[in-house]
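Participant: Sharing a structure, written as structure tokens. Questions coming.
The values are calculated or read from the model by the stated rules, or taken from the named source; none is laboratory data. Just so it is clear, the structure is predicted and the values come from calculations on it, not from any experiment. Cβ placement follows ideal geometry from the backbone for every residue including glycine, while neighbour counts extend to all protein chains displayed. Quick note on the areas: whole protein, heavy atoms, side chains included, nothing else; ligands and nucleic acids left out. Shrake-Rupley method; radii C 1.70, N 1.55, O 1.52, S 1.80 Å.
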Amino acid sequence: MEDYAANGQLDVDQERYSMLDREREQDNLPWCKAHHAAFLAYSPLGQGLLTGAVGPDRVFGPGDMRRNNPRFSVENRLRIASMLKQFQPLTEKYACTPGQLVLAWTLEQPGCTHVLAGARDERQILENLHGGEILLDVEDAAFMRETLLNCGL
């Protein structure tokens, strides 16, 4: 990013970023924050894994790209389900779904300015909108981060 910025103005960085994809926390997010550049996180719901809708019992049919993807293994889905279960007190506190809580957490991360959440229908669009309205307490965001680490995610 430094090389790019040395040769032109860098206003936006768009990266895959979620609770499952946090590699950019060490480089791009701090850079964007320090240089007042926008950071657009795409796939913040991990293709549905972080909504609670893709549980361990889900069977992926032929042609579904998730079928042989290790990220969607039963073992990984069990870990994610366990993590989301630990967030249940927060979904109750903020009167939201797990996906909305995850979107709020993503937007709370230092340097993240935008969250690009996909949706398949109007209901999902409206549900995702509420995630951007939730302001997490500092302690709750820290609890979520600690839970991620304890779950090995």
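Participant: How about the range 6-38: which of its residues are assigned to a helix (DSSP H, G or I), under 14 Å from residue 106 (Cα atoms) and among the basic types (Lys, Arg)?
Facilitator: Within the range 6-38, 24 is the sole residue that qualifies.
Participant: Since residue 33 meets every condition but one in (1) out of contact with any Pro (no Cβ under 7 Å at 6 or more places or on another chain); (2) among the basic types (Lys, Arg); (3) open to solvent by 50 Å² or more (accessible area, probe 1.4 Å), which condition does it not meet?
Facilitator: Among (1) out of contact with any Pro (no Cβ under 7 Å at 6 or more places or on another chain); (2) among the basic types (Lys, Arg); (3) open to solvent by 50 Å² or more (accessible area, probe 1.4 Å), residue 33 violates only (1).
For (1) touching a Leu at 6+ places or on another chain (Cβ under 9 Å); (2) among the polar types (S, T, N, Q); (3) at pLDDT 95 or above; (4) closer than 15 Å to residue 22 by Cα, each residue gets a yes or a no:
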site: 71; (1), (2), (3), (4): yes, no, no, yes
site: 90; (1), (2), (3), (4): yes, no, yes, no
site: 112; (1), (2), (3), (4): yes, no, yes, yes
site: 143; (1), (2), (3), (4): yes, no, yes, no
site: 153; (1), (2), (3), (4): yes, no, no, yes
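Participant: Right, another one. For the range 60-75, how many residues meet the condition of being farther than 19 Å from residue 148 by Cβ and open to solvent by 70 Å² or more (accessible area, probe 1.4 Å)?
Facilitator: Residues that pass the stated criteria total 6.
Participant: If you don't mind, there's one more thing I want to ask. Does any residue of the range 51-65 turn out to be more than 16 Å from the chain's Cα centre (by Cα) and touching a residue at least 40 places away in the same chain (Cβ under 8 Å)?
Facilitator: no
Participant: Let me ask something else. Would you confirm whether any residue within the range 77-99 is more than 22 Å from residue 145 (Cβ to Cβ), touching a helix residue (DSSP H, G or I) at 6+ places or on another chain (Cβ under 9 Å) and touching a residue at least 24 places away in the same chain (Cβ under 8 Å)?
Facilitator: No, the range 77-99 contains no residue that is more than 22 Å from residue 145 (Cβ to Cβ), touching a helix residue (DSSP H, G or I) at 6+ places or on another chain (Cβ under 9 Å) and touching a residue at least 24 places away in the same chain (Cβ under 8 Å).
Participant: Considering only the range 36-59, how many residues are among the small types (Gly, Ala, Ser), open to solvent by less than 20 Å² (accessible area, probe 1.4 Å), touching a Leu at 6+ places or on another chain (Cβ under 9 Å) and under 15 Å from residue 117 (Cβ atoms)?
Facilitator: Matching residues across the range 36-59 total 2.
Participant: Between a first residue in the range 124-153 that is surrounded by fewer than 16 Cβ atoms within 10 Å (Cβ to Cβ) and a second residue that is outside any helix (DSSP H, G or I) and among the hydrophobic types (A, V, I, L, M, F, W, C), which pairs have beta carbons less than 6 Å apart while being 6 or more apart in sequence or on different chains?
Facilitator: From the range 124-153, the pairs are 125/119.
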